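Q: Input: one structure, supplied below.
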Amino acid sequence: MMKIQNKSSRLLKNKIIIAIVLLILIGLLIFVGVKTYKSPIQRKLIGDWNIEFENSYIERDSVCKFTGMIINIGKDSIFLPQIYEPFEVDFQGKTFLDEDFVFFDNKVNVEKYKKYSDRMLQKRKGTWEVISTNPDSVFFNVPNNPLHGKYAIRFFIDENGYDGMNNIYKIELKNDSTYLICNKGG
């Protein structure tokens, strides 16, 4: 009788251990699934988008010139087009015509250019999030960029395309002062 009780208590302990291990595995799978889940809007948005400036408008108090036309949307981060700001060069009394003029041999210019590049990167780098799914809208949190803000979003396919390319995947981003049409970068 004692052997039967020991055997049944061991079986019960084994079943409890197996149940605990299964619960831990299921919990781990659920945790990983939740952490890596991307909504349909997120899956569609992630990637490079080329702004079609000829089909877009940006109304701001000041004129802003962009040095590029690509919006890069990552899982959590976004890089908006850089705004043109002139870079001031210390020529140290020389001109480009002087034979001994070398721009990047000058440590002052190298340091200034590095600071300028870092500052420009920070002005175009930020985060984004989906803020609504009915209707679809997103928030681009890049405070130092004129494209910072909330946008209603619409995905569509341009069947006519251009230059012999048909069925181009596009997005419309719209708010009270900005209307952007972007095509999916390849």
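The values are calculated or read from the model by the stated rules, or taken from the named source; none is laboratory data. These numbers come from a predicted model, not from an experiment. Every residue, glycine among them, receives a Cβ derived from its backbone with ideal geometry; neighbour counts consider all protein chains shown.
Q: I'm trying to understand the selection: among the residues of the range 114-173, which are among the hydroxyl-bearing types (Ser, Thr, Tyr), without any contact (Cβ under 8 Å) to a residue 24 or more places away in the chain and in contact with an Asp or Glu (Cβ under 9 Å, 6 or more places away or on another chain)? Reasoning before the result, please.
A: Step one: list which residues in the range 114-173 are among the hydroxyl-bearing types (Ser, Thr, Tyr), which gives 116-117, 127, 132-133, 137, 151, 162, 169.
Among the residues that remain, those that are also without any contact (Cβ under 8 Å) to a residue 24 or more places away in the chain are: 117, 132, 137, 162, 169.
Selection gives TYR169 alone.
Q: Considering only residues that are more than 18 Å from SER137 (Cβ to Cβ) and surrounded by 12 or more Cβ atoms within 10 Å (Cβ to Cβ), which ones fall in the range 29-57?
A: Of everything in the range 29-57, those that are more than 18 Å from SER137 (Cβ to Cβ) and surrounded by 12 or more Cβ atoms within 10 Å (Cβ to Cβ) turn out to be GLY47, ASP48, ASN50, ILE51, GLU52, PHE53, ASN55.
Q: Go through (1) modelled with pLDDT of 85 or more; (2) more than 24 Å from the chain's Cα centre (by Cα) one by one and return the number of the condition LYS44 breaks.
A: Checking LYS44 against (1) modelled with pLDDT of 85 or more; (2) more than 24 Å from the chain's Cα centre (by Cα), the one that fails is (2).
Q: With the checklist (1) modelled with pLDDT under 85; (2) under 25 Å from THR67 (Cβ atoms) in hand, flag the one item ASN166 doesn't pass.
A: (2)
Q: Scanning the range 132-152 for residues that are part of a loop (DSSP other than H, G, I, E, B) and among the aliphatic types (A, V, I, L, M), which turns out surrounded by the most Cβ atoms within 10 Å (Cβ to Cβ)? If you could, list the steps in order and put the result at the bottom.
A: So in the range 132-152, the residues part of a loop (DSSP other than H, G, I, E, B) come out as 134-135, 142-148.
Subset that is among the aliphatic types (A, V, I, L, M): 142, 147.
Numbers: VAL142: 20, LEU147: 23.
Per the stated criteria, the residue is LEU147.
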